[in-house]
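Here the structure is laid out as structure tokens; the discussion comes afterwards.
Every number in this text was worked out from the coordinates using simple rules, so none of it is lab data. Here the structure is a predicted model, which means the values were calculated and not measured. Here the Cβ positions follow ideal geometry from the backbone for every residue, glycine too, while neighbour counts run over all protein chains shown.
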């Protein structure tokens, strides 16, 4: 079933549903007609100068943005244009962006570029310029337009300006990270409960740390939603940046605690196990220590005299780095508790842990690195079963 995009609020919950389920998107017919009525008959003027301006701003280099981020950026662009009735957007202009999304034609956009350059690269394929990814192949945009018998669009200066004067990629990156973060956060209280049940010295409750993390995550989601649903000129990126920084600091504190518990577990296992199991536990302990050092991230300082867009790009990198560290630490923590399964009563209702413990991840069938990769894949797509 297609998701209907209209003037209604596109909240983060709905955007996350679009992200995970990847439905087709459709416009509410009457709303689209009303939104573009004043511009549908107008023919673009000064298109050559406008398109040259767009091409000049599309210069960039580096690896391509993940397709999932590009997909989110297209959705956010469409939503933005539908919210602002006085935007100079013709119906065919919005329909073409929609067609790109539904046909999975993803403009190739460079990561190492300013937001305005990324949006220019997102826009050029509408004109039959630039490159796109289609069915796993990198192709010229003009060739893909020929495949679907689509005519290249001509954009006026106001249309070009309306396209590139947005923060769609900034929010696309942030929500992409948030959607990856949520499954990891779901595992944290579960692992803490498991550690408490298998440890001789249960950890002390840390209500302030957990409360701060929960509140920071909620506030960050709210700040991002409030801003991408607000007209461009009223958005407050500095506010978004500060809330994300606070969230990352809260996450590093919680992850440091998880890493400490994991390190302690591996030390106990090393002392009571025999080779080759001991070798694997030693390697795992070394990895935990390495990850603990990496948790000391250098976050962008809100008081620094750094251009805001550059600051936001640094923040994207930091967010991605925190997610990578979280995955590894949670995977190691999960793996560590499976190794003490013989002294931990696995309940019938705890299917996640019991199934995992009896799987191929148990030492010493594979190296720690192989087990870690499989564990990361497991926690990305599975939710923890409640402990009983």
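If R0 is 25 Å, the Cβ-Cβ spacing of residue 233 and residue 102 corresponds to a FRET efficiency of close to 0.25.
Once you have the Kirkwood Rh of segment 103-231 from its Cα pairs, apply Stokes-Einstein at 37 °C and 0.692 mPa s and quote D in µm²/s.
The calculation lands on 178 µm²/s.
Taking 0.36 nm per residue of sequence separation and removing the Cα-Cα distance, the residue 110/residue 324 pair yields an extension gain of 74.9 nm.
FRET efficiency for the pair residue 20 and residue 95, taken as 1/(1 + (r/R0)^6) with r the Cβ-Cβ distance and R0 = 22 Å, rounds to 0.30. For segment 240-258 versus segment 1-33, the inter-centroid distance based on Cα atoms is 31 Å.
What nm distance separates the two modelled labels at residue 147 and residue 61, each placed 7 Å from Cα along Cα→Cβ? With each label point 7 Å from Cα toward Cβ, the separation is 2.9 nm.
Beta bridges from DSSP with both residues in segment 3-166: antiparallel share about 75 percent, rounded to the nearest 5. Label-to-label distance, residue 211 versus residue 272, with points set 7 angstrom from Cα along the beta-carbon direction: 3.5 nm.
How much length is gained if the chain between residue 279 and residue 33 is pulled fully straight, taking 0.36 nm per residue apart and subtracting their Cα-Cα distance, in nm to one decimal? Extra length from residue 279 to residue 33 when fully extended: 81.8 nm. Centroid-to-centroid, using Cα positions, segment 88-111 and segment 151-176 are 10 Å apart. Convex hull volume of the C-alpha atoms in segment 3-166, normalised per residue: 109 Å³.
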